[in-house]
Structures are given as structure tokens and as C-alpha cells.
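Laboratory data are not the source of any read-out in this text; all were calculated from the coordinates shown. Keep in mind that this is a model prediction, so the values were computed, not measured. A quick note on method: Cβ atoms are made from the backbone with ideal geometry, for glycine too, and the neighbour counts reach across all protein chains shown.
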Amino acid sequence: MVRSDDVDHAIARREFLRRAGTAGLVVAGASTLAGWTGLARAGVLDAPSGDDTPADPDAALARLMRGNRRFVRGKPKHPVDSDERRQASVGKQAPFAAVLACADSRVPPEIIFDQGLGDLFVVRVAGNIAGPDELASLAYAAEHIGVDVILVLGHDGCGAVETTIEVVEGRADPGEYAILTDAIAPAVRTAQSSGATGTELLQASVEQNVRIVTAQVPEQSHGIDAEIARRELAVVGGVYHLTTGKVTLLD
Ligand SMILES: [Zn+2]
């Protein structure tokens, strides 16, 4: 049995969200302010996934990894696909993390970290490299949106890295992929120096590529470097494993 005052409250809240979404946070009457406070207390606005809003880079990384554990266990929450949350986020985004991931169809960050609408600022490009476009996007996420962590995410069996190995070994012509293979080649050469071959070389190159990009991001962005110096941001690297679904963070 639905009481009429519950219905009234729901309608008032929806109306408030509609206005907040279209006009930003303007003058709010007592009842709408109460609605806003209630939503914030319920975690609807501050914590889109119903998870805690991270207070620092460590907490942000921990929240990502909790989501990955839910995904690995096969018990994702599929957070925030409600109409309420979508409306609440119309006027402003507040993701807690940025992920620089490969464009590979098997590595969608929102799914493998079990996060929802508005939770992640995602930049994807084959080989998860940090060219000028990707760096500018991440700098924007750090400086203007205020994400607490940037995760550079490589993955097992990366086709972009595999192609780069073929190019470096002289077995393939990079052609129009050269902008990618040129960026990944230093990682492959470093991995080759360990003597690895075959799938071991591929895995070592994937990891080395993540390490190089993780170092490049603060080196090549003053804004990101400054956020790290203030301890308001961390840039970390990880590798996603296709067979288990697990993300392993690199040291
Ligand atoms: Zn890939």
C-alpha cells in the first residue's frame, strides 16, 4: 500500500531533481533543500554507487578494487542505472577515479570495476598509451573534475602490444598503426632485454607499457604533477587478466 504522502514526496523530489538538473543549483525552498539533504545523506548524490565517497587517493583505489572483487566473484551490484541518479547527475559530474584503458572490447572499466553512471572518467585508446589527447583528458579530470586517482590499465593478450612486438621484430609493417606502435615500442624493447620470448614477452611488454605510461602521465602534465605533490591525486598502474577478471596493481 503506497501512502499518498510518500507519493507526494516522490513527486516533489523528482521535481527538485528536474529543476536542479536543468538550472543548476539555484534558489531552493525549505522543502527542496530538505530533499537535497536527504538525497545527499542517502548517498544518492555524493556516492553514485551507494558506496562511500572516497576521501583520498587510497580510498579511491580501494573502492575501485572492491568493485573488481565483486566482478570477479560474479556478484556485481550494477550500481546506478536508476532514473533518479541519472537526473541527479545532469548538472554536474563527480567521478572519483579516471581510468586510462585499452580500447579492447573485453576491458570495459565500468563493468570490470562494477561502477555506475558518473563514477568513472574513462579514456580509452588501443594500447592505453598517453598521447597528447589522452594526457589533456586526464589533466582535465584531475584539475577540473577532481578525480582522486588515475589508473593506467593494461591487459593480457593486448593486440596493440602484440602488433608492436611484430613491428619491433621486423615481422610486420606498422602502416597506419605507427602512431600506436611507436609509442609502445620502448616498452617492448625493455621487455626484450630480459630475454623473454613468446607469450612471456607479450606479458612483460604489457606490464612495461603500463609502467612507462604511469610514469609519463605526471612527467608530461604539470597539473597532474601538482595534484600529486598536494597528495590529492595518485597515478597507479594495473593489468587486467582476461581469464580471471582480476586486476593486479603494479608496484
Ligand atoms: Zn589492448
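General remarks:
- Protection proxy ranking of 229-239, 151-161 - average other beta-carbon atoms within 10 Å, highest first: 151-161, 229-239
- Here the extension length gained between residue 111 and residue 66 equals 14.9 nm, from 0.36 nm per residue of separation less the Cα-Cα distance.
- Spin-label model, residue 124 to residue 77: label points 7 Å out along the Cα-to-beta-carbon direction sit 2.3 nm apart.
- Extension gain, residue 194 back to residue 176 (0.36 nm per residue minus Cα-Cα distance, nm): 3.6 nm
- Calculated P(r) tail over 28 Å for the range 52-249, as whole % of Cα pairs: 27 percent
- Modelled spin-label separation between residue 59 and residue 103, with each label point placed 7 Å from Cα along the Cα-to-Cβ direction: 3.7 nm.
- Computed from backbone phi with θ = phi - 60° and the Karplus coefficients 6.51, -1.76 and 1.60, the 3J(HN,Hα) list for the range 118-127 is x, 7, 10, 9, 10, 10, 10, 7, 3, x Hz; x is used for glycine and proline.
- Förster-model FRET efficiency, 25 Å R0, residue 92 and residue 249, C-beta, rounded to 0.05: 0.25
- Ranked by the mean number of other Cβ atoms within 10 Å of their residues, highest first, the peptides 208-215, 167-174, 125-132 come out as 208-215, 125-132, 167-174.
- Mean Cβ neighbour count within 10 Å, used as a protection proxy, ranking 100-108, 181-189 highest first: 181-189, 100-108
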